[in-house]
C-alpha cells in the first residue's frame with residue numbers, strides 16, 4: 001500500500017491502482033469504447049475521458065468502479081514489479 005495526496009486529502013492506494021494509461025490500454029485490449037466502459041462502471045462519460053487524459057484528480061471510488069468494470073469484462077491487472085494488464089480469456093469469452 002502507498003499513500004498519495006489529492007484534492008480529497010490523503011488517500012491510501014493499493015499498489016495495483018488503475019492509472020489513466022492502464023485504463024486506456026485495458027479498454028483497447030477489450031476493443032471497448034469509452035461510452036461503453038463508462039456505462040458499465042456507472043460513471044459519467046466526461047469523468048472517464050478526463051481520467052484517461054489525466055486532466056483532473058479522480059475520486060478513488062470512481063477509479064475503483066472503472067477498474068471493477070474492466071475486471072468484469074475480462075481484464076486482469078498485474079503488478080509483478082511493474083504494473084500491467086492482460087486479457088483474461090476465460091472471463092472475456094461470451
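Where a number appears in this text, it was derived from the coordinates with a stated rule and is not lab data. Computed from a predicted structure; not experimentally measured. Virtual Cβ from ideal backbone geometry, glycine too; neighbours counted across all protein chains shown.
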- Item | Label-point separation in nm, residue 53 to residue 25, each point 7 Å along Cα→Cβ | 2.2
- Task: Work out, step by step, the length gained on full extension between residue 36 and residue 64: first 0.36 nm times the residue separation, then minus their alpha carbon distance; give nm to one decimal.
- Result: 8.4 nm
